[in-house]
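Encoded as structure tokens, the structure appears first; notes follow it.
The values are calculated or read from the model by the stated rules, or taken from the named source; none is laboratory data. Keep in mind the model is a prediction, meaning the values are calculated, not measured. Cβ coordinates were reconstructed from backbone atoms using ideal geometry, including for glycine residues, and neighbour counts include every protein chain displayed.
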Amino acid sequence: MNKIIILLSLLAFFACEDNKDDDSSLIGTWELSNMGEYANADCTGELDNTGWALAQAFGLTATMTMKAGGKGTYLITVGGTEMESLSFTWDEKTICMMGECSSYKLSGDSFDMSQSAEAYCEDDYGDETNHSTKAACESAGNGWFEASCTKMTFTKK
């Protein structure tokens with residue numbers, strides 16, 4: 001009888017351990033509360049938040065809803081109108097959306113996530129071209145975008 005009690009106790013303990021991911025403090029709805037570009041593409045230097053101020057002036061909001069099982073939804077609205085809704089996955093270290101994964105740092109009721117972007121060339125239609133240098137891109141009449149790093153802060157609702 002004691003063996004059965006011990007086995008049931010161990011089973012209950014491990015069952016609780018398996019569900020620990022589902023009880024994550026990340027589960028819930030998080031709202032974008034700040035965003036900015038680092039001065040350097042390696043995510044260092046001062047943070048420029050002027051783009052975030054402009055986005056807020058146009059009524060941009062973004063929310064991430066983290067669900068149990070590592071799934072979630074990212075919703076962007078402008079002036080109350082839904083502009084985009086994307087699915088993503090997450091775990092205790094990263095959030096992955098549209099084939100890109102970013103690490104995050106949870107601190108109380110907020111988390112920070114930084115996303116790096118390599119330099120690229122874009123044509124007049126907004127399509128990325130195969131030009132790999134600024135000179136080649138601009139000589140073809142396209143726009144060059146320098147490598148960058150964006151930091152986003154989300155606060156729990």
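Among the residues of region 101-136, count how many are out of contact with any helix residue (DSSP H, G or I) (no Cβ under 7 Å at 6 or more places or on another chain) and assigned to a strand (DSSP E or B).
Counting residues in region 101-136 that are out of contact with any helix residue (DSSP H, G or I) (no Cβ under 7 Å at 6 or more places or on another chain) and assigned to a strand (DSSP E or B) gives 18.
All but one of (1) at pLDDT below 95; (2) over 28 Å from Ala119 (Cα atoms); (3) not basic (Lys, Arg) hold for Leu54; which doesn't?
(2)
Among the residues of region 83-100, is any in contact with a Phe, Trp or Tyr (Cβ under 6 Å, 6 or more places away or on another chain), surrounded by fewer than 14 Cβ atoms within 10 Å (Cβ to Cβ) and either assigned to a strand (DSSP E or B) or among the charged types (D, E, K, R) (or both)?
yes
Which residues, counting only those in region 132-149, are closer than 21 Å to Gly51 by Cβ and without any contact (Cβ under 8 Å) to a residue 40 or more places away in the chain?
Those that are closer than 21 Å to Gly51 by Cβ and without any contact (Cβ under 8 Å) to a residue 40 or more places away in the chain: Gly143, Trp144, Phe145.
What pairs come up if the first residue lies in region 46-70 and is under 17 Å from Glu31 (Cα atoms), the second is part of a loop (DSSP other than H, G, I, E, B), and their beta carbons are under 8 Å apart, counting only those six or more places apart or on different chains?
Phe58/Gly79; Gly59/Gly79; Gly59/Gly80; Thr63/Lys157; Met66/Ser24; Met66/Leu26; Met66/Ile27; Lys67/Ile27
Could you tell me which numbered condition Thr129 fails, if it satisfies all but one of (1) within 25 Å of Trp52 (Cβ to Cβ); (2) among the polar types (S, T, N, Q); (3) surrounded by 12 or more Cβ atoms within 10 Å (Cβ to Cβ)?
Exception for Thr129: condition (1).
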